[in-house]
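Undergrad: Mind looking over this structure? Questions follow.
The values are calculated or read from the model by the stated rules, or taken from the named source; none is laboratory data. Keep in mind the model is a prediction, meaning the values are calculated, not measured. Glycine gets a Cβ as well: all are built from the backbone with ideal geometry, and neighbour counts include every protein chain shown.
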Amino acid sequence: MDRILFGDNQFFAVNHASDEKSRAQAIKFKDDKAIITTLDIAREEGLNTFMCTTHDRIANICDFIRSNPEKYKDYKIFPCMPYAHKYANAVTELGIAGTLKEYVPGNFLGSLFKGGVAYLSKDYLSIMELLIDAEMKMFKGIETPVIFLQNVLTDLLLGLGMIDVLKAFHDYVEKKYNAEAGFITMNMPMLLQKLEEVEIENPIICSSINLVGFRMSGGKELYEKVLKTKKLRAIAMQVLGGGAIRPKEAVEYVCNLPNIESILFGASSKANIAQTVNYIHEFDNNSGNKKI
Amino acid sequence: MSTNKFEIKKLKGAIIGLGKMGLSHAAIVGANPQVNFVSVCDTSTLVLDAFKKYTKVNTYSDYIKMLDKEVLDFVVIATPTKFHYPMVKYALEKNINVFCEKPFSLTSDEGVELTEIAKRKSLINQVGYHNHFIGTFRELKRLLQENVIGDIVHFTGEAYGPVVTKEKGSTWRSNPNEGGGCTSDYASHVVNLIQEVVGHPIKINGTLLKSIYSKGVDDAVYSLLTLDNGISGVLLVNWSDETYRKMSTSITLQGKKGKIICDATEIKIYLKDANQKEGLEKGWTTKYITEFAIPVDFYLRGEEYSAQIEYFVDNVMNKRQGTYNTFEQGLYTDKVIEIILNNAKQN
């Protein structure tokens, strides 16, 4: 994985520290062209991996990338699935069974419902595989070496104790897409322990890691201890705390931690992208973490 | 199940209703080290079979059977509102502590009865108004108690979001007799927030209900409220606004010495003069949730959802009734909603 991954929250009105900023971003990135322009600015700063949710609009971005193969020769996308709000809104409106009917491709589920309960109960993992395939369709022909499960699902399954499903995601992504599985979580220490129990070794885990301990469940000290003592390929996100932490201190903190393979961040303007990239290089050089 | 004598006794907990909120509660309860998550109840075999296959919890399709059979310290009830009354009542009669989703009950008569039973039996009770577990709203309440913006002359309580954005679909949320409609469902959050942070609404001075895409229920409510402390203001709630990615709730207060705008992510304070005690400058100061978020041991989809369950579990563990989101407070909100809906009919 690259040292720096470019994220997509800013494109889809997600800002964890300001609802107001998030709405302003929705207006700025109304056109797909604005997204492409920002991706290109990030590429100029050396950021060649785009880590993005499987939002409908990403399909358009993928079309553009496919139609410009020379320009995006070494470009990689790390898909993060699913775009949770799509399903969450559907569950409120249609219920869980209704949502599956709506989103599982083909008439597979229709026949399952006719087939009755016993048959149904054995096929959760097939349903999951079909949903993964549906989400992955838009990335056809694009390099996707790591495929992530979004935190709301990772953490839902973690809390429910359905670790076998996490394992099934991991195995399927590897088998079908020849990719590594990644897990986004807000509960990194707990998740790592559970993944170890089902023998997923050295997992890719993307979690909030920041100076102020924001969204670090169990506390910053626990995260630091896990990073120092355990085996994982950590990606730090929410490093800037949604813009609430001063960038220099924010980046310095993360660059000085051990075991952080990559740093994920998103920004809208050239100045902000360049600033964060420069800080990461600067503090990496100081701490001996020389990487690109 | 026997408890190892060297371990601290865990609470036995169960969930009734495995929709979006119920599943979220189940994960949070399941991850809580103080809880032995023993059972779930829902009518969907699709969902129950997933629990059977991948977890150790017992599954039921009949809540009466579950409450009769399992020995429980608490139950979380996250079913459509019309089921709250019989389920909460049965649980209380079985001496089980209850966390009930909002809105509390379909009619205030039901709510009165449930509140009395819980009180009489000294059972820990809580309603799921999660905004009180958002750090910025807590800070807002504290700043008001410190009288930072002086006498309040006006408030605005708002919520917008994309729940009903098409003319289709009919779930219980679109049935006025089952607790559907924006006022009962969405606006109850804002009414409850105003009630506990600014003051208890006692008079409604006029209400507009608007159906935008729904038939038979309101998608928006605009109402003028007077509170028990004499402060008056406006309630503005619309759940058919897709310019919001998700529910966005805010409170704005205009005082003689300044103004505060608060939502789940930011608190913006404007002061005519600096407040040294609070370290607030003259003019605008913006503070972020990163400073106020309540630390939780397990995060699923907002600290508030975890924090409210952790609070409830702690209270059950310590046999102490909490002060946030009691049945009594939930009941008061139900009563205000009733008055708002009646007021709209009169217009």
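Undergrad: Would you pick out the residues in region B:221-244 that are within 14 Å of chain A (Cβ to nearest Cβ) and in a loop (DSSP other than H, G, I, E, B)?
TA: B:Trp239, B:Asp241, B:Glu242, B:Thr243, B:Tyr244
Undergrad: Continuing with this model, one more query. Picking from A:Tyr279, A:Tyr253, which residue would you name as being more than 28 Å from A:Lys28 (Cβ to Cβ) and at pLDDT 95 or above?
TA: Criteria check complete, one pass: A:Tyr253.
Undergrad: Same structure again: On the basis of being surrounded by fewer than 17 Cβ atoms within 10 Å (Cβ to Cβ) and more than 18 Å from A:Gly46 (Cα to Cα), does A:Asn278 make the cut?
TA: For A:Asn278, the condition - surrounded by fewer than 17 Cβ atoms within 10 Å (Cβ to Cβ) and more than 18 Å from A:Gly46 (Cα to Cα) - is not met.
Undergrad: Here's something else I'd like to know. Taking the options A:Gly266, A:Gly288, name whichever one is more than 23 Å from A:Asp164 (Cα to Cα), surrounded by fewer than 17 Cβ atoms within 10 Å (Cβ to Cβ) and modelled with pLDDT under 95.
TA: After applying the criteria, what remains is A:Gly288.
Undergrad: Any idea which residue in region B:245-266 is surrounded by the most Cβ atoms within 10 Å (Cβ to Cβ), counting only those that are within 13 Å of chain A (Cβ to nearest Cβ) and part of a loop (DSSP other than H, G, I, E, B)?
TA: In this case the residue turns out to be B:Thr265.
Undergrad: Considering each of B:Tyr90, B:Tyr160 in turn, give the residue that is farther than 25 Å from B:Asn238 by Cβ and aromatic (Phe, Trp, Tyr).
TA: On inspection, the qualifying residue turns out to be B:Tyr90.
Undergrad: Next up: Does B:Lys272 fit the bill of being more than 10 Å from chain A (Cβ to nearest Cβ) and basic (Lys, Arg)?
TA: Criteria met by B:Lys272.
Undergrad: Given the structure, is A:Ile163 away from every other protein chain (no Cβ under 12 Å) and either hydrophobic (A, V, I, L, M, F, W, C) or buried (at least 24 other Cβ atoms within 10 Å of the Cβ) (or both)?
TA: no
Undergrad: Could you tell me which of the residues B:Lys9, B:Lys20 is surrounded by fewer than 21 Cβ atoms within 10 Å (Cβ to Cβ), facing chain A (nearest Cβ under 10 Å) and at pLDDT below 95?
TA: The conditions single out B:Lys20.
Undergrad: Return the pair list, or none, for Cβ contacts closer than 7 Å from residues in region A:20-45 that are within 11 Å of chain B (Cβ to nearest Cβ) to residues that are modelled with pLDDT under 70 and assigned to a helix (DSSP H, G or I), at least 6 apart or on different chains.
TA: none
Undergrad: Taking A:Ala236, is it small (Gly, Ala, Ser), buried (at least 24 other Cβ atoms within 10 Å of the Cβ) and over 17 Å from A:Met81 (Cα atoms)?
TA: Spelling it out, A:Ala236 is indeed small (Gly, Ala, Ser), buried (at least 24 other Cβ atoms within 10 Å of the Cβ) and over 17 Å from A:Met81 (Cα atoms).
So that you can scan it fast, the table gives a plain yes or no per residue for (1) crowded, with 18+ Cβ neighbours inside 10 Å; (2) of a type in the set (S, T, N, Q); (3) within 14 Å of chain A (Cβ to nearest Cβ); (4) not in a strand (DSSP E or B):
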| site | (1), (2), (3), (4) |
| --- | --- |
| B:Lys277 | no, no, no, yes |
| B:Thr286 | no, yes, yes, no |
| B:Val296 | yes, no, yes, yes |
| B:Glu304 | yes, no, yes, yes |
| B:Ala307 | yes, no, yes, yes |
| B:Val316 | yes, no, no, yes |
| B:Lys319 | no, no, no, yes |
| B:Thr323 | no, yes, no, yes |
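Undergrad: Do we have any residue at all in region A:208-217 that's over 16 Å from the mean Cα position of the chain (by Cα), within 12 Å of chain B (Cβ to nearest Cβ), of a type in the set (Phe, Trp, Tyr) and surrounded by 18 or more Cβ atoms within 10 Å (Cβ to Cβ)?
TA: Yes, because at least one residue in region A:208-217 is over 16 Å from the mean Cα position of the chain (by Cα), within 12 Å of chain B (Cβ to nearest Cβ), of a type in the set (Phe, Trp, Tyr) and surrounded by 18 or more Cβ atoms within 10 Å (Cβ to Cβ).
Undergrad: Would a scan of region B:34-52 turn up a residue that is among the basic types (Lys, Arg), touching a Ser or Thr at 6+ places or on another chain (Cβ under 9 Å) and facing another protein chain (nearest Cβ under 10 Å)?
TA: Yes, some residue in region B:34-52 is among the basic types (Lys, Arg), touching a Ser or Thr at 6+ places or on another chain (Cβ under 9 Å) and facing another protein chain (nearest Cβ under 10 Å).
Undergrad: I'm trying to understand the selection: among the residues of region A:46-84, which are touching a residue at least 40 places away in the same chain (Cβ under 8 Å) and of a type in the set (Val, Ile, Thr)?
TA: A:Thr49, A:Thr53, A:Thr54, A:Ile58, A:Ile65, A:Ile77, listed by residue number.
Undergrad: Answer yes if at least one residue in region A:183-202 is surrounded by fewer than 24 Cβ atoms within 10 Å (Cβ to Cβ) and of a type in the set (Ser, Thr, Tyr), and no otherwise.
TA: Checked region A:183-202: no residue is surrounded by fewer than 24 Cβ atoms within 10 Å (Cβ to Cβ) and of a type in the set (Ser, Thr, Tyr).
Per-residue answers, yes or no, for (1) in the same structural domain as B:Ile340 (by TED's automatic domain parsing); (2) in a loop (DSSP other than H, G, I, E, B); (3) crowded, with 21+ Cβ neighbours inside 10 Å:
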residue	(1), (2), (3)
B:Ser105	no, yes, yes
B:Asp109	no, no, no
B:Leu114	no, no, yes
B:Ala118	no, no, yes
B:Ser122	no, yes, no
B:Phe137	yes, no, yes
B:Leu140	yes, no, yes
B:Gly150	yes, yes, no
B:His154	yes, no, no
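Undergrad: Moving on to the next point. Sort out which residues of region A:53-75 are within 14 Å of chain B (Cβ to nearest Cβ) and under 22 Å from A:Ile4 (Cβ atoms), and write them in order of number.
TA: Listed by number, the residues that qualify are A:Thr53, A:His55.
Undergrad: When the residues of region B:55-72 are filtered to those that are surrounded by fewer than 18 Cβ atoms within 10 Å (Cβ to Cβ) and within 22 Å of A:Asp164 (Cα to Cα), which remaining residue is farthest from the other protein chains (Cβ to nearest Cβ)?
TA: Step by step, filter region B:55-72, then rank; the result is B:Asn58.
Undergrad: Please work out which one of (1) more than 17 Å from A:Gln193 (Cα to Cα); (2) touching a helix residue (DSSP H, G or I) at 6+ places or on another chain (Cβ under 9 Å) is the condition A:Glu143 fails and give its number.
TA: Exception for A:Glu143: condition (2).
Undergrad: Just for strands (runs of 3 or more DSSP E) wholly inside region B:25-96: which have at least 3 residues that are at negative phi and in contact (Cβ under 8 Å) with a residue 40 or more places away in the chain?
TA: Fully inside region B:25-96 and qualifying: B:74-77.
Undergrad: Just a yes or no: is a residue in region B:192-212 at pLDDT 95 or above, within 20 Å of the chain's Cα centre (by Cα), buried (at least 17 other Cβ atoms within 10 Å of the Cβ) and hydroxyl-bearing (Ser, Thr, Tyr)?
TA: Taking every residue of region B:192-212 in turn, none turns out to be at pLDDT 95 or above, within 20 Å of the chain's Cα centre (by Cα), buried (at least 17 other Cβ atoms within 10 Å of the Cβ) and hydroxyl-bearing (Ser, Thr, Tyr).
Undergrad: Of A:Phe50, A:Phe78, which residue is farther than 20 Å from A:His170 by Cβ, away from every other protein chain (no Cβ under 13 Å), hydrophobic (A, V, I, L, M, F, W, C) and touching a Leu at 6+ places or on another chain (Cβ under 9 Å)?
TA: Exactly one residue qualifies, and that residue is A:Phe50.
Undergrad: Could you tell me whether region B:176-183 includes any residue that is crowded, with 18+ Cβ neighbours inside 10 Å, outside any loop (DSSP other than H, G, I, E, B) and within 22 Å of the chain's Cα centre (by Cα)?
TA: yes
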